[in-house]
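A.B. asks: Right, I'll just put the structure down here and ask away after.
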Amino acid sequence: MTTMTRPFTPEQLMRYSRHIIMPQVGGIGQRKLLDAKVLLIGAGGLGSPAALYLAAAGVGTLGIVDFDVVDFSNLQRQILHGTGDVGRPKVDSAKETLNEINPDVNVVTHNLHLTSENIMEVIGDYEIVVDGSDNFATRYLVNDACFLANKTNVHGAIFLFDGQATVFKPGEGCYRCLYPTPPPPGMVPSCAEAGVFGVLPGIIGSIQAVEAIKLILGVGDPLINRLLLFDALEMEFRQVKLRRDANCPLCGDHPTVTELIDYEVFCGSA
C-alpha cells in the first residue's frame, strides 16, 4: 500500500467525507483504503457483511472466492444476494451488489474451488485475507497458505448462536495453534445440518471488516493474539488470550506441516 496522496474526485470527497474528517483516517487513510487489496474467502454468511462494509469503506480491490450458486436457503443470512439471484453464481451476484454500492471498487471474482494447487496463485496479489469459509477443509487450507505466503488472516466462524473472530498474523500464531489438526468426518455438523441464527454472521462478518480496515489503516489494537467469542443468546462478548504455540505443526519451532494439503478426505467435505 502507498501513502502517497492523489487528488480525490468530487464524488469521492462526498462519498468518503465521514472518513476524511476523522483524525484517525483522514485523506491519507482513505487513500490507503482505496489502494488496498483484500481477498474474501466465501460470499456467504460471513463474506456478505464483510464485503458490503469493505466496499462501502472504499477498499479499492476486493477479491471474492466462491464456487457455489445462490440457493433459497442462503437468503436468510447471505445479504449479498436477493431472490432474483437464486441459481446465479455467488461471485457474479456479489460483484453486481458491491459495484452498485460503490463503483470505485474493483471486484475480482474467483469462481473456483480452492485447492492446494491454486490457492497460492489466488492469494498472491492480496495483502489481507478475510476467511469466511464454512468448512474445516478450506479453513485449514487458507490458514496454511496465509502462513506460507506471509499474509494476515482475518478469521471468523459461526455455529448456531455462537461466533468467534481473531486475526492471525504470520509469526504470531495461527489457526493450528488453537486446533492443531482437523476434526474427523462427522464430528462437527455443518450449518446445513445444524442450522445457524441468521443475524449471527452479520455480527461476526462486520467484526472481520472492522479488523481488516484497522489493519489497512494501521490504527487501533487488532485482534492479534486475542480470540473474541460472541454468544448471541446471552448477548455476551468475551475474549481469550492466544499465543503462538511452540509445538504448532505449522508455525512452531519444529514444523511438520511444510507444504499445502487438501483436507477434504480428513474432514469429510464434499
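A.B. asks: Only one residue in GLN24, GLN76 is surrounded by fewer than 21 Cβ atoms within 10 Å (Cβ to Cβ) and farther than 21 Å from ILE128 by Cα, so which one is that?
C.D. replies: GLN76
A.B. asks: Continuing with this model, one more query. Restricting attention to region 20-43, which residues are over 20 Å from TYR126 (Cα atoms) and either in contact with a strand residue (DSSP E or B) (Cβ under 6 Å, 6 or more places away or on another chain) or in a loop (DSSP other than H, G, I, E, B) (or both)?
C.D. replies: ILE21, MET22, PRO23, GLN24, VAL25
A.B. asks: For region 154-171, enumerate the residues that are surrounded by fewer than 24 Cβ atoms within 10 Å (Cβ to Cβ), at pLDDT 95 or above and closer than 14 Å to ARG244 by Cβ.
C.D. replies: The one that is surrounded by fewer than 24 Cβ atoms within 10 Å (Cβ to Cβ), at pLDDT 95 or above and closer than 14 Å to ARG244 by Cβ: LYS169.
A.B. asks: (1) acidic (Asp, Glu); (2) touching a helix residue (DSSP H, G or I) at 6+ places or on another chain (Cβ under 6 Å); (3) over 22 Å from ARG139 (Cβ atoms): which one isn't true of ASP66, the others all being true?
C.D. replies: All conditions pass for ASP66, except number (3).
A.B. asks: Oh, and also: From GLY42, GLY82, which residue is touching a Ser or Thr at 6+ places or on another chain (Cβ under 9 Å) and surrounded by 19 or more Cβ atoms within 10 Å (Cβ to Cβ)?
C.D. replies: GLY42
A.B. asks: Only strands (runs of 3 or more DSSP E) wholly contained in region 94-178 count here; list those with 1 or more residues that are closer than 21 Å to ILE216 by Cβ and in contact with a His (Cβ under 9 Å, 6 or more places away or on another chain).
C.D. replies: Hits in region 94-178: 128-131, 162-168.
A.B. asks: Filter region 224-246 for residues that are in contact (Cβ under 8 Å) with a residue 60 or more places away in the chain and of a type outside the set (Lys, Arg) and give the result.
C.D. replies: LEU227, LEU228, LEU229, PHE230, ASP231, ALA232, LEU233, LEU242, ASP245
The values are calculated or read from the model by the stated rules, or taken from the named source; none is laboratory data. Predicted, not measured: the structure shown is a model, and the values here were computed from it. Please note: Cβ atoms are built from the backbone with ideal geometry, for glycine as well, and neighbour counts cover all protein chains shown.
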